[in-house]
1. Tell me whether the stretch B:75-85 contains one or more residues that are at pLDDT 90 or above and either in contact with a Pro (Cβ under 8 Å, 6 or more places away or on another chain) or closer than 21 Å to A:N76 by Cβ (or both).
2. Is the stretch B:39-53 home to any residue that is within 9 Å of chain A (Cβ to nearest Cβ), over 12 Å from the mean Cα position of the chain (by Cα) and free of Cβ contacts under 8 Å to residues at least 60 places away in the same chain?
3. Look through the stretch A:123-132, keep the residues that are part of a loop (DSSP other than H, G, I, E, B) and more than 11 Å from every other protein chain (Cβ to nearest Cβ), and return whichever of them is most open to solvent (accessible area, probe 1.4 Å).
4. Looking at the stretch B:58-73, is at least one residue at pLDDT below 85 and either out of contact with any Asp or Glu (no Cβ under 6 Å at 6 or more places or on another chain) or surrounded by 18 or more Cβ atoms within 10 Å (Cβ to Cβ) (or both)?
5. Just to verify a result, which residue in the stretch B:86-111, among those that are aliphatic (A, V, I, L, M) and in contact with a Leu (Cβ under 8 Å, 6 or more places away or on another chain), is modelled with the lowest pLDDT?
6. Among the residues of the stretch A:71-87, is there at least one that is hydroxyl-bearing (S, T, Y), more than 13 Å from chain B (Cβ to nearest Cβ) and open to solvent by less than 60 Å² (accessible area, probe 1.4 Å)?
7. Would you confirm whether or not the stretch B:77-89 contains a residue that is of a type outside the set (A, V, I, L, M, F, W, C), away from chain A (no Cβ under 13 Å), surrounded by 14 or more Cβ atoms within 10 Å (Cβ to Cβ) and part of a helix (DSSP H, G or I)?
Amino acid sequence: MHLDKLPERVCSFFPARGRNLLPIVGSVRLPTYVRRVSRASLNANSPAASFSGSGLRPDDKMDATTIRRYLSAAVNTLGADVGTIEQRLRKVYQNELRQLSGNSGLPDPVRTDYEELMADLSGLLEQPGDIDPDRASHLARRVVALNERLINEL
Amino acid sequence: MNYRTEYRDDIPAVSHDRVRAALYDAVLLLASHKGSIEERLAETYFSHWRTIDPTTLLANARSQFEWISEELKKMYPTPGKTDAADRGTAVLVAQSIILLHYSLKSVTAHA
């Protein structure tokens, strides 16, 4: 069966159209082939399940929108999250910035800044003991500046 | 006149860079200040926010600016005091400031 034919077949299964369609959907049992497709998409052995995080293959480029989303989320966390500068920076480093590592979707000048920033961040955050809040504050400013630069480049 | 042209005509030419700079400074301060969210927001309000002239903003951004200003006024009636600030509102206002900065930036980047 071809998946591209599925919507038509599903639509033709329902006798109602337009606004009458919604109340009927809940009471109708879907045809067997619809359920089989759904199960396949949830199968843990499917190719999509092999890639964690962003879901990209190692040689895939992340698109500009996704990169911007990660960096905007980083700035939002740094600026609007409750918590100390260390907690905010650690969260941003783990949840957003590391998602961009090893990805070739970043424009060249921004990638250099990003790699330097990540090296400094890992140096600060992965050291044992308390971190220097002044250094953390400086690195937070660099995250914001990186996002500004990315917006200008993309 | 299409939407894009109409929108671009609305951008005030003179003070625009000053507004953008003030908003950028506000975002930088929110992100890099070492204090709590209430302290960061208070510092942003007294150091940068009050320097922005709302008449120089885009019409679309002005209502958002006014809402943020009203909330900041309620939270920080007196400089140096953060007692009246509610944490949930502080988070929301900080997010709105960041959003306003980037929405203005994206509009002017395409203008």
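The values are calculated or read from the model by the stated rules, or taken from the named source; none is laboratory data. Keep in mind that this is a model prediction, so the values were computed, not measured. Reconstructed Cβ throughout: ideal geometry from the backbone, glycine too, with neighbour counts over all protein chains shown. Ligands, DNA and RNA are excluded from the accessible area calculation, which covers all protein heavy atoms including side chains. Shrake-Rupley method; radii C 1.70, N 1.55, O 1.52, S 1.80 Å.
1. Yes, there is a match, as at least one residue in the stretch B:75-85 is at pLDDT 90 or above and either in contact with a Pro (Cβ under 8 Å, 6 or more places away or on another chain) or closer than 21 Å to A:N76 by Cβ (or both).
2. Taking every residue of the stretch B:39-53 in turn, at least one turns out to be within 9 Å of chain A (Cβ to nearest Cβ), over 12 Å from the mean Cα position of the chain (by Cα) and free of Cβ contacts under 8 Å to residues at least 60 places away in the same chain.
3. Among those that are part of a loop (DSSP other than H, G, I, E, B) and more than 11 Å from every other protein chain (Cβ to nearest Cβ), it is A:D130.
4. yes
5. Checked the stretch B:86-111; the qualifying residue modelled with the lowest pLDDT is B:V107.
6. Taking the stretch A:71-87 and keeping what is hydroxyl-bearing (S, T, Y), we get A:72, A:77, A:84.
Those still in the list that are more than 13 Å from chain B (Cβ to nearest Cβ) too: none.
No, every residue in the stretch A:71-87 fails to be hydroxyl-bearing (S, T, Y), more than 13 Å from chain B (Cβ to nearest Cβ) and open to solvent by less than 60 Å² (accessible area, probe 1.4 Å).
7. no
Yes or no, residue by residue, for (1) away from every other protein chain (no Cβ under 14 Å); (2) free of Cβ contacts under 8 Å to residues at least 12 places away in the same chain; (3) surrounded by 15 or more Cβ atoms within 10 Å (Cβ to Cβ):
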position: A:S101; (1), (2), (3): yes, no, no
position: A:V110; (1), (2), (3): yes, no, yes
position: A:L121; (1), (2), (3): no, no, yes
position: A:D134; (1), (2), (3): no, yes, no
position: A:L139; (1), (2), (3): no, no, yes
position: A:R142; (1), (2), (3): no, no, yes
position: A:L146; (1), (2), (3): no, no, yes
position: A:L150; (1), (2), (3): no, no, yes
